[in-house]
Amino acid sequence: MLDESLLDAPEALARSDASRGLLRGAAESGARVRTAARAAAESGLSDLKPDGRPRALLVAGSGPTTGCIADLLSALGNGNIPVSLIRPTGALAVPGALLWTLPGWAGPLDLLLILTTDGTEPGLPALVEQAYRRGCSVVTITPPRSPLVEAAGGRNGLVVPLVPAPYEEAPEDQPLPSIGLRPAPGHEEPPGTLWALLTPLLVLIDRIGLFSAPTHAIQSVADRLDRSAERCGPAIATYSNPAKTLAAELADALPLLWSEGPLAGAAARHFARVLASVAGRPALAAELPEALAAHRTLLSGAFAAGADPEDFFRDRVEDPQALHARVVLLRERSQLGGHSPTPAARELALGHDTPVSELEPSGGSSLEAVAELLAITDFAAVYLALASGERT
């Protein structure tokens, strides 16, 4: 159950977050973009002069943000280059048991991106070896001094060091912990990790001509993340804080995350993952207009507003609060004009007495827009977790 009074008690929020560092991680996203951009430039990404675009991008990694990054790259590419996520096999709780296998069609025309906050997974050097035998180009983002650095560099791959948050940095004369920068089992990655991994790839896709992301555009993303952190920070009262407001609205809800636009769709799916991993809450994501058919039954079934399928006369004092559907609309700036499916989505939800929350970023580029959506939803998941007393 959400303690809404905690949302407007910054010191209590800080105490609740002391062992997890989630608020700090979310607030540092802009800084992670800047440091990651500098690391990308120092690694030589900015100086690449590729001979045309690759046939396909293959994305692999063990962290929970890998899927979101593949999603975002696909949306940014607008279908110009296929983006395939290579999912690991094996037990996720046992890093050494993870294996990755290139699809049978992968070859010299393709680019493999390996993303990890750890760098000690035995399956990733094996994937580098597969790529080398197939002739695939390889770009790896991994912590410095991790075993993967030598494996990738020794096979003519380009290695970009993953820049940690300031509080994660280890002195140069000390070895990295055995699990690198990966969170211990049962703990989530800090929200800023997504941007530490994604930013070098923005530099890369700008160089290969997939999407325009020059230096000033990346700086603008960092600035937007900083402004979002200011708006969503723990010292800002709930009534003027979009993340706290959303967290309070989702307290006893089953969020139906409906999105308009490919980048908003990627943000919605990431929000569903973060709600599960950080706040321990279920959520369902679907893109408009397909969401109207896919989730229609949820608006009138057991999760409908006011629905209670249990015996009316039983004692409910000790029972947990029942979940009821709440629609969260995530939008980019609509390019469809009068053909936008959002009005129909509002009409369907309100016609079933289902409350609606809406997130639509202010102006700016598409990169800035999705950065704002990701920032607000990350903060909302953190507030929902802290004010509900959730622990992982």
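The values are calculated or read from the model by the stated rules, or taken from the named source; none is laboratory data. Here the structure is a predicted model, which means the values were calculated and not measured. We place every Cβ from the backbone using ideal geometry, glycine too, and count neighbours over all the protein chains shown.
Odds and ends about this structure:
- Among (1) at pLDDT below 90; (2) of a type outside the set (A, V, I, L, M); (3) over 21 Å from the mean Cα position of the chain (by Cα) - the single one Ser62 does not satisfy: (3)
- Of all residue pairs spaced 6 or more apart or on separate chains, those with beta-carbon atoms under 6 Å, a first member in the stretch 127-144 that is over 21 Å from Thr117 (Cα atoms) and a second member that is surrounded by 21 or more Cβ atoms within 10 Å (Cβ to Cβ) are Arg134/Ala106; Cys136/Ala106; Cys136/Asp110; Cys136/Leu112.
- Within the stretch 110-126, the set of residues being modelled with pLDDT under 95 and of a type outside the set (Val, Ile, Thr) comprises Asp118, Gly119, Glu121, Pro122, Gly123, Leu124, Pro125, Ala126.
- Any pair with Cβ under 6 angstrom, 6 or more apart, that starts in the stretch 235-246 at a residue that is within 19 Å of Glu11 (Cβ to Cβ) and ends at one that is of a type in the set (Asp, Glu) and not in a helix (DSSP H, G or I): Ala237/Asp8; Thr238/Asp8
- Residues that are part of a loop (DSSP other than H, G, I, E, B), of a type in the set (Gly, Ala, Ser) and farther than 19 Å from Thr65 by Cα within the stretch 105-145 comprise Ala106, Gly107, Gly135, listed in sequence order.
- Looking across the stretch 190-240, just one residue is touching a Lys or Arg at 6+ places or on another chain (Cβ under 7 Å), assigned to a loop (DSSP other than H, G, I, E, B) and over 20 Å from Asn80 (Cα atoms), and that is Gly192.
- The residue list Ala385, Ala371, Ala345, Ala325 contains one member that is crowded, with 21+ Cβ neighbours inside 10 Å, at pLDDT 85 or above and within 16 Å of the chain's Cα centre (by Cα), which is Ala371.
- Within the stretch 2-37, tally of residues that are in contact (Cβ under 8 Å) with a residue 60 or more places away in the chain and out of contact with any helix residue (DSSP H, G or I) (no Cβ under 7 Å at 6 or more places or on another chain): 9
- Of Gly363, Gly338, Gly306, all but one fail to be modelled with pLDDT under 85 and assigned to a helix (DSSP H, G or I); the exception is Gly338.
- For the stretch 230-247, the criterion of being in contact with a strand residue (DSSP E or B) (Cβ under 7 Å, 6 or more places away or on another chain) and at pLDDT 95 or above is met by at least one residue.
- Segments classed as helices (runs of 4 or more DSSP H), wholly inside the stretch 22-87, with at least 3 members that are under 21 Å from Ser277 (Cβ atoms): 22-27, 66-77
- Set side by side, the residues Leu275, Leu201, Leu257, Leu246 differ, and just one is crowded, with 17+ Cβ neighbours inside 10 Å and within 30 Å of Ser43 (Cα to Cα), which is Leu201.
- Ala152, sole failed condition from (1) of a type in the set (Gly, Ala, Ser); (2) part of a loop (DSSP other than H, G, I, E, B); (3) at pLDDT below 90: (2)
- Residue match in the stretch 125-146 (condition: surrounded by 14 or more Cβ atoms within 10 Å (Cβ to Cβ), more than 22 Å from Leu162 (Cα to Cα) and charged (D, E, K, R)): yes
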